[in-house]
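No lab work stands behind these numbers, since they all come straight from the coordinates. What you see is a predicted model; the values in this text were computed from it and never measured. Using ideal geometry, Cβ is built from the backbone for each residue, glycine included, and neighbour counts are taken over all protein chains shown.
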Amino acid sequence: MNRFHAGAATGHPLVTEAAIHMLEAGGNAFDAAVAAGFAGAVVEPALTSLGGGGFLLARTAQGKMVLFDFFVNTPGKGRKPEEIESEPSFFPVTVKFPGSDQVFNIGAGSVAVPGNLKGFLHVHRLLGILPLKEVLAPAIEYAAKGTKLNRRQAYFLSLLKPIMLHSPMGKELFLIKDNNKERYVEEGDTLIFPDLAAFLEEVAASEGDAIRDIYEGMAGANTAREMEKTGGLLTQKDLREYQVIERKPLSARFKGVELHTNPPPSFGGFFIKICLELLERLPIENMDFGTAQHLSLLTGAMIQVENYREEMGSRLIPPDETWFDSASQEAVRLFARGTTHVSISDSHGNCASMTTSNGEGSGCYIPGTGIMLNNMMGEDDLHPDGFHSSKPGIRVASMMSPSMVTRENQVHLVLGSGGSKRIRTAITQAFLNWAHFNIPITDAVISPRIHWDGELLQVEPGFSSAALEELSKKIRLNIWKEIDVYFGGVHAVAPLKGEAVGDPRRGGMARII
């Protein structure tokens with residue numbers, strides 16, 4: 001019998017510490033994941049929130065695997081059709097990454113029905129073993145006492161400054177008084193969230209009833225009234241009827257291992273599976289990492305999958321053999337967006353892979369809680385048929401793809417990523433590095449990445465100049481000067497080998513105990 005190592009890889013040292021504390025206190029991987037989810041909402045405010053949504057892929061020690069879908073729903077239940085069709089409060093902001101810009105939409109009209117709170121509570125009640133009060137303790141401490149803003153989180157917040165300062169609550173939380181002047185938070189400042197701390201203490205004392213109040217009680221009614229007043233579509237009926245969905249994971253075989261990931265209606269796992277199936281049809285067997293052949297074939301596969309995605313729109317129809325034949329020939333011929341992730345395993349064989357997001361944040365808050373609501377209705381990659389085109393109550397598709405890799409019915413790797421449109425390419429590359437190139441998981445994650453954005457191949461530094469020169473003869477390149485959060489944040493645990501890695505692109509931290 002192989003020994004399972006307990007470990008956690010997350011996007012922040014304090015989130016990893018919260019998860020590890022649960023494991024050391026006798027909790028399981030699911031207690032640790034839920035503790036990490038709450039803690040991340042405090043110390044990673046640019047990447048996640050209790051007002052966002054997510055997914056948790058769970059595998060129990062008995063071998064049962066289930067995908068908990070607590071991502072967001074489209075809002076507007078109980079509203080008249082003409083109210084939904086009218087223009088909601090919705091406006092663009094541009095996030096300026098060092099090498100590329102991306103436009104997002106914020107405001108009350110960008111808010112979708114949140115799922116994180118209900119999802120965390122659902123997972124804990126079904127699979128956790130520690131008291132909820134103990135699971136919430138790290139997040140409560142971080143929110144009440146405050147935490148120092150590290151370099152990576154300060155950078156993320158700097159990217160999202162217009163969103164964070166959109167509302168009076170945001171200004172109260174993220175503006176610091178300095179010599180009788182106000183300035184935006186920066187590295188080294190202490191972030192304190194008193195309203196959030198008080199809310200979490202209420203959740204702990206009520207054993208979760210305060211969360212039910214958000215969805216079914218007066219807190220939900222207050223939120224709905226605030227949304228209506230400020231031009232949003234979220235209603236009390238949306239909150240009351242929201243449900244966590246349990247799904248069968250999507251599986252894909254590649255080189256003798258099986259990758260299990262997020263199934264439809266989400267996009268991410270679906271296109272990871274297609275990309276891997278296409279790569280297996282390409283001449284990759286003897287290629288080396290970082291060569292012109294590797295970059296050319298991988299880029300070709302990315303382009304073909306992106307073309308298929310654009311052709312399909314919101315329809316997730318698996319391609320047939322004719323498409324694979326054509327796409328593989330084209331791939332060879334051509335080259336002759338705020339999210340965080342936690343990966344956790346415990347010593348009993350339970351594993352949890354959880355990705356959560358607030359989008360970039362709407363700038364709007366749940367009254368009295370300090371919880372910023374998401375802007376998922378304002379992310380173009382989640383709405384290929386157009387903004388606000390779906391009926392109310394529809395589960396929004398997502399790029400988030402919490403994943404696990406098994407061989408002979410044992411988990412060999414737990415992984416996932418943040419990164420908006422780059423999630424699927426980040427996971428595909430980290431997995432390919434590990435499964436095909438046999439690169440140890442730490443190096444597989446840290447290795448430079450590429451991403452086809454539809455017009456340019458975005459390239460991290462670290463590839464050889466000879467390979468890039470060869471590639472530039474066929475396609476336009478944008479070579480970045482440094483690794484960046486733009487290219488995702490893959491956090492991974494290899495429970496049988498006792499290895500774990502937190503992606504430095506997102507300030508990741510991993511520990512094995």
Can you give me the C-alpha center-to-center distance between the stretch 135-156 and the stretch 422-436, rounded to a whole angstrom?
29 Å
What is the distance in Å between the Cα centroid of the stretch 278-316 and that of the stretch 1-74?
31 Å
Applying a 10 Å radius around every beta-carbon, put 264-270, 418-424 in order of their mean neighbour count, most first.
418-424, 264-270
Mind checking which lysines have their C-alpha under 26 Å from Lys80, skipping anything on the same chain fewer than 8 residues away?
Lys229, Lys237, Lys391
Averaging sequence separations of C-alpha pairs under 8 Å and six or more residues apart, then dividing by the length of the stretch 10-84, give the relative contact order as a whole percent.
19 percent
The stretch 360-481: mean projected area of Cα convex hull, nm²
12.0 nm²
Mind checking which lysines have their C-alpha under 20 Å from Lys255, skipping anything on the same chain fewer than 8 residues away?
Lys273, Lys497
Roughly speaking, what is the centre-to-centre gap between the stretch 199-261 and the stretch 377-394 when only Cα atoms are used, to the nearest Å?
18 Å
Summed side-chain charge close to Gly40 - residues other than Gly40 whose Cβ falls under 12 Å, Lys, Arg +1, Asp, Glu -1:
-1
Reachable lysines, given that their alpha-carbon falls under 26 Å from the alpha-carbon of Lys473 and they are not under 8 places away in the same chain
Lys421, Lys481
Cα principal axis extents for the chain, largest first, Å
61, 55, 49
